[in-house]
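Asks: Attaching a single structure in structure tokens format; questions to follow.
Rule-based calculations on the coordinates, nothing more; no lab input. Given the structure is predicted, the values throughout are model-derived calculations rather than measurements. Virtual Cβ from ideal backbone geometry, glycine too; neighbours counted across all protein chains shown.
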Amino acid sequence: MANDASRQGRTALVTGGAGCLGRAIAIALHDAGHQVLVTYHNSAAAARAWQDEQAGLGRDFTLYQVDVADNAACQALVRQLEQDGRQVDILINNAGITRDASLRKMSYDNWSEVMRSNLDSMFNMTQPLCGAMADRGWGRIVNISSVNGSKGAFGQANYAASKAGIHGFTKSLALELARKGVTVNTISPGYLATSMVKAVPEEVLKEKILPQIPLGRLGEPDEVAALVAFVCSDAAAFMTGSNIAMNGGQHMY
Ligand code: CAA
């Protein structure tokens, strides 16, 4: 099949580009030679400031606004991409939120907001984009999960359930797309130096979490971003349905 994506310089869409990890992934994919489209949800001013800063460094990113928890909004985004002549070869489902609370204190809103942003978003963004990747015979889908999807975490019944669900989604879609040149993988980072982790109460981070990490430090978003760029390369064509951990040894599979 003719495959105009069979070259470096493909187009990647990274969701959650307002966050530290999303930005690091966008930069890594840009520096690997791809065109990168980045979505943000609420923080338009911050997203534009980052876009300008990166433009000053010679990196060109195109921004789109979308709430990945909203199915209609995601469908509208995909129609907009089509109108703009954007074909998405690489999809990074990175957007996610926490609403930490022990289950006895967790509200239904805490539960459902996390499920919609972290898990419904997998369907919302992937379903309208994966068919065209399959038709073109090349694609990469990377779903960002978490160490806590595998090991669980105190105060994260909602988040851990959503992140565990991501890998079930990955494995099923990997089977469906294996013969179409489209790989689907999960990457499960551990605790990174991001604003999400910095929001954890300091004493919990110092006393409960850091001691569980054999490497004795938080990971850097750039370290995970480099792994994402590899999984999106031609060199990773034999990797599909995997759940790749990068967590400083906190949880060994
Ligand atoms: N392990 C064991 N016990 C813990 C604990 C832990 N990690 N955290 C709290 N506790 C204990 C407290 O010491 C306290 O014990 P006592 O009752 O004996 O005094 C008790 O639990 C408090 O329970 P509460 O239900 O009252 O908890 P709380 O309302 O004070 O706060 C919490 C609970 C909101 C979950 C808070 O502990 C917290 O924010 N924890 C961090 C959760 C976390 O790891 N989030 C990760 C965010 S980053 C991320 O998610 C990225 C990624 O992918 C890794």
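Asks: Can you run phi through the Karplus equation (6.51, -1.76, 1.60; θ = phi - 60°) for segment 188-203 and list ³J(HN,Hα) in whole Hz, with x for Gly and Pro?
Replies: 10, x, x, 6, 10, 7, 10, 5, 4, 6, 5, 7, 5, x, 4, 5
Asks: To continue, here is another question. Which of the DSSP-defined H helices in the chain satisfy a minimum axial length of 24 Å, computed from C-alpha atoms, and a minimum mean Kyte-Doolittle hydropathy of -0.5?
Replies: 157-177
Asks: Can I ask one more? Just tell me which lysines come within less than 26 Å, Cα to Cα, of Lys151; anything on the same chain fewer than 8 places away is out.
Replies: Candidates past the 8-residue exclusion: Lys105, Lys163, Lys171, Lys198, Lys206, Lys208.
Asks: To continue, here is another question. With 10 angstrom as the radius, rank Ser162, Ser112, Ser117 by how many other C-beta atoms surround their C-beta, starting from the fewest.
Replies: On the way: Ser162 27, Ser112 14, Ser117 23.
With the sparsest Cβ surroundings first, the list reads Ser112, Ser117, Ser162.
Asks: Another question, then. Quick check: residue separation of Glu220 and Arg179 times 0.36 nm, minus the Cα distance between them. What number comes out in nm?
Replies: 11.3 nm
Asks: As an exercise, use a Förster radius of 35 Å and the Cβ-Cβ distance of Met239 and Thr62 to find the FRET efficiency, rounded to the nearest 0.05.
Replies: According to the calculation, E is roughly 0.80.
Asks: Could you give each residue of segment 100-109 its phi-based ³J(HN,Hα) in whole Hz, using Karplus coefficients 6.51, -1.76, 1.60 with θ = phi - 60°, and x for Gly or Pro?
Replies: After applying 6.51 cos²θ - 1.76 cosθ + 1.60, I find 5, 5, 4, 4, 5, 9, 7, 8, 4, 4 Hz.
Asks: Now, a different point. Using only helices, what value at 222 nm comes out for the chain when you add -39,500 (n - 2.57) per DSSP H run of length 4 or more and divide by the total residues, to the nearest 500 deg cm²/dmol?
Replies: Helices in the chain give a 222 nm mean residue ellipticity of -12500 deg cm²/dmol.
Asks: In 10 Å bins starting at 0, how do the alpha-carbon pair distances of the chain split up by percent?
Replies: 7, 32, 38, 19, 4, 0
Asks: Here is a follow-up. Can you tell me the FRET efficiency between Asn42 and Glu202 if r is taken as the Cβ-Cβ distance and R0 is 30 Å, rounded to the nearest 0.05?
Replies: 0.70
Asks: Continuing with the same structure: What residues have an amide H closer than 5 Å to that of Ala245, excluding those fewer than 5 places away on the same chain, when H is modeled at 1.01 Å from N in the peptide plane?
Replies: Residues meeting the amide H criterion: Ser188.
Asks: Taking Cα pairs under 8 Å and at least six residues apart, what relative contact order does the chain come out at, in percent?
Replies: Relative contact order for the chain comes out at 20 percent.
Asks: With each pseudo-label sitting 7 Å past Cα toward Cβ, what's the Gln212-Tyr108 distance in nm, one decimal?
Replies: In this crude spin-label approximation the distance works out to 2.9 nm.
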